[in-house]
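The values are calculated or read from the model by the stated rules, or taken from the named source; none is laboratory data. What you see is a predicted model; the values in this text were computed from it and never measured. Reconstructed Cβ throughout: ideal geometry from the backbone, glycine too, with neighbour counts over all protein chains shown. Side chains included, ligands, DNA and RNA excluded: accessible areas come from the protein's heavy atoms. Shrake-Rupley method; radii C 1.70, N 1.55, O 1.52, S 1.80 Å.
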Amino acid sequence: MSERQSRRQFLGRSAIAGAVVVGAPLALPMIGGGVWSSSALAESSSPNEKLNIGVIGTANQARFSIGNIRGENIVAACDIDDKYLAKMIADFPKAKKYNDFRKLLEQSGIDAIVVATPDHIHAPATAAALHLGKHVYCEKPLTHTVAEARAIAELAARQKVATQMGTQIHAGENYRRVVEIIRSGAIGSVREVHTWAGRAWGGGSRPKNNPPAPPSIHWDLWLGPAPVRPYNPVYIPARWRGWWDFGGGNIGDMACHHMDLPFWALGLKHPTTIEAEGPPVNPETCSLGLTVRYEYAASGDRPAVKLTWYDGTKIPPSIEGHPTGGGGNLFVGEKGMLWADYDVYHLYPEKDFAGYKPPKPSIPRSIGHHAEWLRACKTGSPTTCNFGYSGPLTEAVLLGNVAYRAGKRLEWDAERLQAKNCPEAERFLRTEYRKGWQQV
């Protein structure tokens, strides 16, 4: 028996022994009957071998991820739009094609999965792949609901596979330098952070006139576990982000990118309270503008922190006298302030930081967000946005919508995953999948 075969068998046995199911048995039902066998656990490759990767979603944001993994073996592709799928197969003719991700996961020999779908499919596809012991790269937000985020993070930890959420800005040099400056104490202890992003998704009501879906679109598979509704072009592409059944508005779209920076720099995890302001809640569509106030308890040497999120129509023209622009963060410390977006940072007051020299870089340069995950799949090296980190980040982001929809300041019990003072928030923390879809 070769060394590689022995290692594969060992990894398979380890994953089986460590598997604990969240809301579903390990034996997952196949489309055509039977069950997923635990022997189908993904086999790890050596650093010198190419991974066999399946991609779930092939267009728009998925194309960005595909471009970053195309040096591996893309052996399977899934999309509910036959036109998108045809373009994918034209580029990767050896890949098998599917409309249903569950059928893709029946294909043998797949090591890793990329999930680049609308938000409501993230958790079902990711969970199914994790149960099979496959490495997973999932776009942000990690899940559609708070409960899903917790379940996926816990499942990934038990399966001991390589995971990464698609917050690619995390790999940029600017974020690394900001983290180092904040941690160095250059602006003193930070007790306040303002975070914003200008785009807006939402508004409107469910359409009354519903044309038939184009022949290329498998609408029922696009809906997946979401409640049944007729096809309408107001949902796809992209505009599904504005509908509660599928997305989370702008906070769901962009907050994982922007809140990632204070989470990383300040070591944030679970807020203790969450309060949101916006227009009257629409039962169908997300808000075109939100203000969300999070409070984090002190931890170690870090004092308690208040983080405020603004989006869409709720973004003030300036914060602490500094223009907001399209999106970014303002850290308010005892000795000064730091403003940062994806690419640059500035320290204020400028006169106090004239001639300032940042600390010597201590966070290594990234090899690339996707490359980091690919290396982890092959070698077991760590990733910076693994689901243990990005799960709590996603929880916090989505709790902003929960507080908004519940209409109350939430006193959050992270351990029990519940709002202590607001039982009515429960229905916004999780969702029941429709019949035929495995609950996460």
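Would you pick out the residues in segment 139-160 that are in a loop (DSSP other than H, G, I, E, B) and open to solvent by 30 Å² or more (accessible area, probe 1.4 Å)?
HIS144, LYS160
Residues are listed down the side, and each one gets a yes or a no for (1) touching a residue at least 24 places away in the same chain (Cβ under 8 Å); (2) open to solvent by 40 Å² or more (accessible area, probe 1.4 Å); (3) touching a Leu at 6+ places or on another chain (Cβ under 9 Å):
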| site | (1), (2), (3) |
| --- | --- |
| ALA304 | yes, yes, no |
| ILE315 | yes, no, no |
| HIS322 | yes, no, yes |
| GLY333 | yes, no, no |
| LEU338 | yes, no, yes |
| PRO349 | no, yes, no |
| LYS378 | yes, no, yes |
| ASN386 | yes, yes, no |
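So how many residues does segment 230-268 have that are hydrophobic (A, V, I, L, M, F, W, C), touching a Gly at 6+ places or on another chain (Cβ under 8 Å) and either closer than 13 Å to THR394 by Cβ or part of a helix (DSSP H, G or I) (or both)?
4
Being among the aliphatic types (A, V, I, L, M) and in contact with a His (Cβ under 8 Å, 6 or more places away or on another chain) is true for just one of ALA425, ALA419, ALA396. Which residue is that?
ALA396
If we scan segment 124-134, do we find a residue that is open to solvent by 50 Å² or more (accessible area, probe 1.4 Å) and modelled with pLDDT of 95 or more?
No, segment 124-134 contains no residue that is open to solvent by 50 Å² or more (accessible area, probe 1.4 Å) and modelled with pLDDT of 95 or more.
Which one is farthest from the chain's Cα centre (by Cα), of the residues in segment 334-385 that are within 24 Å of ALA153 (Cβ to Cβ) and hydroxyl-bearing (Ser, Thr, Tyr)?
The qualifying residue farthest from the chain's Cα centre (by Cα) is THR379.
Identify, by number, the condition in (1) in a loop (DSSP other than H, G, I, E, B); (2) over 26 Å from ASP81 (Cα atoms); (3) open to solvent by 30 Å² or more (accessible area, probe 1.4 Å) that PRO227 doesn't meet.
The single condition PRO227 does not satisfy is (2).
Mind checking which pairs have a first residue in segment 399-415 that is within 17 Å of ILE251 (Cβ to Cβ) and part of a helix (DSSP H, G or I) and a second that is aliphatic (A, V, I, L, M) and open to solvent by 10 Å² or more (accessible area, probe 1.4 Å), Cβ under 7 Å, 6 or more apart or different chains?
Every condition considered, the pairs that remain are GLY400/ALA276; ALA403/ALA276; TYR404/ALA276; TYR404/VAL281; ARG405/VAL281.
Give the residue, chosen from GLU426, GLU395, GLU415, GLU372, that is out of contact with any Phe, Trp or Tyr (no Cβ under 7 Å at 6 or more places or on another chain), surrounded by fewer than 24 Cβ atoms within 10 Å (Cβ to Cβ) and within 23 Å of PHE246 (Cα to Cα).
When all the criteria are applied, what remains is GLU426.
So for segment 200-212 (the condition being part of a loop (DSSP other than H, G, I, E, B), under 30 Å from PRO358 (Cβ atoms), modelled with pLDDT of 95 or more and open to solvent by 20 Å² or more (accessible area, probe 1.4 Å)), does at least one residue qualify?
Within segment 200-212, none of the residues are part of a loop (DSSP other than H, G, I, E, B), under 30 Å from PRO358 (Cβ atoms), modelled with pLDDT of 95 or more and open to solvent by 20 Å² or more (accessible area, probe 1.4 Å).
Please verify whether segment 181-190 includes one or more residues that are on the phi > 0 side of the Ramachandran plot and in a loop (DSSP other than H, G, I, E, B).
Yes; the residues of segment 181-190 include at least one that is on the phi > 0 side of the Ramachandran plot and in a loop (DSSP other than H, G, I, E, B).
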